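Have a look at the structure below, then the notes.
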Amino acid sequence: MAILVLDDEPEIADLVEVYLVNEGFEVAKFYDPEAALARIQEGPLELAILDVMLPGTDGFAICRAIRERYTYPVIMLTARVADMDKITGLTMGADDYVTKPFNPLELVARVKAQLRRYTRYNTGAENADSVIDFGGLVIDRDTHECTLYGKRLDLTPTEFGILWMLCENRGRVVSSEQLFETVWGEKYLESNNTVMVHIRRLREKLGEPPRKPKIIKTVWGVGYKIEK
C-alpha cells in the first residue's frame, strides 16, 4: 500500500513525495483530483494527504469520498487559517490538518504519528483486554471494530481512539486535555477545539441526540465521560 498525496501545486506535491520516499514510504502522487479519486476507488491506502483548495472540487469532498469506504488516516493541507475551515475538515472525517506553509519534517512526523495510531488501534498488541462490551456497545481493539446493538460503526482511527479511551474510563470524566494528549500524542492548547469536533462526529455515528446525548456526556468545564 501507499500514501496518497494530492496537491494541484506540483512543487508542493513533489516536495512531500521526496520527504516521504526518503523515509521509506511508497507514494501515489497526484496533481488532479479525478485521477486521485480513481486511485482511491481501486483499494485501500496507508494514508491520504489532501490539499483543501483543488480545481473543480476541494479536499473536503475527496475526504468525504474516502470516508464512505475506508477508515485509514487523512491529513488535510490548507492555506486557510480560519477555525471553521479546520472544523469542516475534521467534520468530514479528517484526522489532522497542516497549515501552509509547512515544514516538511513536521508533516512527516504527523504522518508517522497517524500511522502509529492506526496500527495501534488495529492490532491492540499492547493490551490483552482488547474487547469492551457493555450496554449494547462493543468495541474490539484487535479488529478495530465497534458495534452498537449489533450495528457496525465505521470509525476513523482517531474516533476509535477517543471512544476506546472513554470506554476504558467509563463512569469517570476524561478531560479534553487528556484525550488530546493521549490520542493525538501532542501538547494540548486551551484554544484547541479538535476534541470537541471529533466528539460531535462520534455522537452522530452513535445516533446520539445533539442536545441530550445518552452515551457520551459532557461535563461542562471538565471534559467527557461515557455512560451506558
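The values are calculated or read from the model by the stated rules, or taken from the named source; none is laboratory data. Worth saying up front: this structure is predicted, and the values here are computed from it rather than measured. Reconstructed Cβ throughout: ideal geometry from the backbone, glycine too, with neighbour counts over all protein chains shown.
Search region 20-30 for residues being surrounded by 16 or more Cβ atoms within 10 Å (Cβ to Cβ) and not β-branched (Val, Ile, Thr), and hand back the single one that is nearest to residue 55 (Cα to Cα).
If we take residues in region 20-30 being surrounded by 16 or more Cβ atoms within 10 Å (Cβ to Cβ) and not β-branched (Val, Ile, Thr), then 30 is nearest to residue 55 (Cα to Cα).
Summed over region 47-57, residues that are in a loop (DSSP other than H, G, I, E, B) and in contact with an Asp or Glu (Cβ under 7 Å, 6 or more places away or on another chain) total 2. Scanning region 200-228 for residues that are part of a loop (DSSP other than H, G, I, E, B), of a type in the set (A, V, I, L, M) and more than 18 Å from residue 150 (Cα to Cα) yields one hit, 222. In region 36-46, the count of residues that are at pLDDT below 90, outside any helix (DSSP H, G or I) and surrounded by 20 or more Cβ atoms within 10 Å (Cβ to Cβ) is zero. How many residues does region 19-39 contain that are under 24 Å from residue 109 (Cβ atoms) and free of Cβ contacts under 8 Å to residues at least 40 places away in the same chain? Residues that pass the stated criteria total 9.
The residues of region 2-31 that are out of contact with any helix residue (DSSP H, G or I) (no Cβ under 7 Å at 6 or more places or on another chain), part of a loop (DSSP other than H, G, I, E, B) and either on the phi < 0 side of the Ramachandran plot or not assigned by TED's automatic domain parsing to the domain that holds residue 62 (or both), listed by number, are 2, 8, 9, 25, 26.
Which residues, taken from region 158-181, are under 18 Å from residue 94 (Cα atoms) and either without any contact (Cβ under 8 Å) to a residue 24 or more places away in the chain or part of a loop (DSSP other than H, G, I, E, B) (or both)?
180, 181 - these are the residues of region 158-181 that are under 18 Å from residue 94 (Cα atoms) and either without any contact (Cβ under 8 Å) to a residue 24 or more places away in the chain or part of a loop (DSSP other than H, G, I, E, B) (or both).
Conditions tested, residue by residue: (1) within 24 Å of residue 47 (Cα to Cα); (2) out of contact with any Asp or Glu (no Cβ under 6 Å at 6 or more places or on another chain); (3) surrounded by fewer than 16 Cβ atoms within 10 Å (Cβ to Cβ).
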{"site": "133", "(1), (2), (3)": "no, yes, yes"}
{"site": "139", "(1), (2), (3)": "yes, yes, no"}
{"site": "145", "(1), (2), (3)": "yes, yes, no"}
{"site": "148", "(1), (2), (3)": "no, yes, no"}
{"site": "157", "(1), (2), (3)": "yes, yes, no"}
{"site": "165", "(1), (2), (3)": "yes, yes, no"}
{"site": "171", "(1), (2), (3)": "no, yes, yes"}
{"site": "174", "(1), (2), (3)": "no, yes, no"}
{"site": "180", "(1), (2), (3)": "yes, yes, no"}
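Within region 87-112, the set of residues being polar (S, T, N, Q) and either modelled with pLDDT of 85 or more or outside the structural domain of residue 70 (by TED's automatic domain parsing) (or both) comprises 99, 103.
Among the residues examined, residue 139 qualifies as among the aliphatic types (A, V, I, L, M) and modelled with pLDDT of 85 or more. With respect to being more than 19 Å from residue 1 (Cβ to Cβ) and either modelled with pLDDT under 75 or under 18 Å from the mean Cα position of the chain (by Cα) (or both), residue 115 falls outside the description.
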